[in-house]
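Here the structure is laid out as structure tokens; the discussion comes afterwards.
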Amino acid sequence: MKAVAALRGSIVVTDTEDLPLERGHVRIRTEYSAISPGTELSFLKKGGDHPSLLGYSAAGIVEEIGEGVTGLLPGQRVACYGAPYVRHAEHLTVPSNLVAAVPDHVLPEEAAFAGLGAIAIHALRTADLRFGESAVVVGLGILGQIIAQIASAAAVRVAALDLNAQRVLMLQEQGIRHAYNRHEQLEEQLQILTDGHGADSVILCAGGPGEELINRSLTWIRDRGNIVVVGDLTTTFSRGQMFGKEAQVLISRAGGPGRYDSGYEKDNRDYPIGYVRWTEGRNVAEYVRLLAEGRISVLPLISHRYPLGEAEAAYANYLNPTDCLGTILEYES
């Protein structure tokens with residue numbers, strides 16, 4: 001089958017073998033897969049002399065189910081998340097823990113962003129926001145946009161910041177008015193939005209050197225508020241500022257509990273819901289529910305579509321991030 005890989009710093013479409021269908025796994029014919037620019041471009045830069053498959057978020061049709069799988073049937077559309085099982089590839093063999101059924105009325109293009117949706121949901125759970133509290137989302141790429149929408153759907157008071165005015169406008173068009181492209185605008189309105197107390201959480205979806213941004217974020221949060229680092233951001237910051245508010249600086253890891261645990265993923269052993277309420281798989285399903293109920297909309301964020309064979313052009317397009325936000329690869333039916 002065809003799949004997208006990084007090779008010596010370039011994108012190639014290569015031939016690879018299907019994984020065997022193990023107990024608890026399902027085989028999926030891919031319809032769409034979503035590019036995650038932050039994660040995948042970093043892998044691209046590290047590409048060695050052997051092809052390294054890319055991708056971790058997709059939607060498709062179940063073709064075959066392994067022994068022990070319940071709740072899924074051949075012919076059913078699903079969303080799925082998690083490398084090395086989910087890739088930009090024509091066929092996927094995925095543990096059922098990482099698969100969620102997609103209702104017929106949900107667009108598969110939107111469902112294909114389930115991995116990013118799970119990451120967004122887990123970031124908000126890490127922030128531990130409650131009904132009526134406030135959050136600032138910094139960095140309005142595809143992930144920041146999804147986080148801001150989900151937070152707003154959960155009745156969190158949301159403010160957002162990105163230096164790209166077009167991305168700010170896109171979020172405003174989704175009904176989130178307090179989105180700004182200048183720090184000064186955000187800081188002025190944040191006082192009003194939070195009754196002068198400061199935000200309960202700042203969620204950082206930006207990348208690069210983090211000292212200046214984290215220190216500034218510490219001035220935006222309330223006493224004992226938190227900062228959640230989601231993007232690939234360095235974590236140098238002022239101990240004095242952190243101490244002054246007894247603030248928390250947290251890292252959000254991927255899509256939730258279960259990620260990187262081979263027992264949960266490869267062996268498909270779920271965590272009891274009484275002990276782990278929100279696993280990565282349950283976060284994927286929750287993202288699909290939000291789409292199904294119309295509480296969030298990802299379709300306006302899909303700026304580019306490419307057939308699998310043009311994957312190189314799809315990644316090259318991110319060299320002009322002003323125009324590129326959400327990108328999906330399309331597969332022949």
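The values are calculated or read from the model by the stated rules, or taken from the named source; none is laboratory data. The model shown is predicted, which means the values in this text are computed figures rather than measured ones. With ideal geometry, Cβ positions are generated from the backbone for all residues, glycine too; neighbour counts draw on all protein chains shown. Side chains are part of the model used for accessible areas, which takes the heavy atoms of the whole protein and leaves out ligands, DNA and RNA. Shrake-Rupley method; radii C 1.70, N 1.55, O 1.52, S 1.80 Å.
Things to note:
- Close amide-amide hydrogen proximity is noted between LEU233 and GLY208, each under 5 Å apart and 5 or more residues distant or on a separate chain (H modeled in the peptide plane; Pro and chain starts excluded).
- Between LEU250, LEU161, LEU124, the GNM of the chain built on Cα springs shorter than 10 angstrom shows LEU250 fluctuating the most.
- Computed from backbone phi with θ = phi - 60° and the Karplus coefficients 6.51, -1.76 and 1.60, the 3J(HN,Hα) list for the stretch 158-164 is 10, 10, 8, 9, 7, 6, 8 Hz; x is used for glycine and proline.
- Projected-area average for the stretch 187-333 over all orientations - Cα convex hull basis, square nanometres: 13.3 nm²
- Gain upon complete extension [HIS50, ALA292; 0.36 nm per residue less C-alpha separation]: 83.1 nm
- Beta bridge orientation in the chain: antiparallel %, DSSP, nearest 5: 55 percent
- Counted by Cβ distance under 14 Å from VAL26, the other residues give a net charge of -1, where Lys and Arg count +1 and Asp and Glu count -1.
- Rolling a 1.4 Å probe across all protein chains gives THR39 an accessible area of roughly 60 Å².
- Charges were assigned to the Cβ only: +1 to each Lys and Arg, -1 to each Asp and Glu. The resulting dipole of the stretch 132-251 about its Cα centre is roughly 80 debye.
- Summary value for the chain: 19 percent relative contact order, contacts being C-alpha pairs under 8 angstrom separated by 6+ residues.
- Note on MET242: accessible area approximately 50 square angstrom, rounded to 10, probe 1.4 Å, nucleic acids and ligands left out.
- Using a probe of 1.4 angstrom and keeping all protein chains present, the accessible surface of the stretch 132-251 works out to 44 square angstrom per residue.
- Taking LYS46, LYS266, LYS245 and ordering them by how much accessible surface each has at a 1.4 Å probe, largest first, produces LYS46, LYS266, LYS245.
- If you take the Cα centroid of the stretch 71-119 and the Cα centroid of the stretch 141-195, the two points sit 29 Å apart.
- Rounded to the nearest whole Hz, the Karplus-based 3J(HN,Hα) values (6.51 cos²θ - 1.76 cosθ + 1.60, θ = phi - 60°) of the stretch 275-291 follow the sequence 10, 10, 5, 10, 7, 4, x, 5, 5, 4, 5, 5, 4, 4, 4, 4, 5, with x at glycine and proline.
- Cα gyration tensor category, rounded, prolate or oblate, for the stretch 1-127 with a/c compared to 1.5: oblate
- Carbon plus sulfur fraction of accessible area for the stretch 235-333, probe 1.4 Å, in percent: 50 percent
- Centroid-to-centroid, using Cα positions, the stretch 220-270 and the stretch 274-333 are 23 Å apart.
- Whole-percent carbon and sulfur share, accessible surface of the stretch 169-224, 1.4 Å: 44 percent
- Long-range HN-HN contacts of ALA179 with modeled amide H, under 5 Å: ALA160
- Rh (Kirkwood; distinct C-alpha pairs) - the stretch 132-251, Å: 14.0 Å
- Relative to the Cα centre, the charge distribution of the chain, modelled as +1 at Lys and Arg Cβ and -1 at Asp and Glu Cβ, gives a dipole magnitude of about 740 debye.
- Listed values for the stretch 226-240 are Karplus-derived 3J(HN,Hα) couplings in whole Hz (6.51 cos²θ - 1.76 cosθ + 1.60, θ = phi - 60°), namely 9, 10, 10, 8, 10, x, 7, 10, 5, 10, 9, 7, 7, 5, x, and x replaces Gly and Pro.
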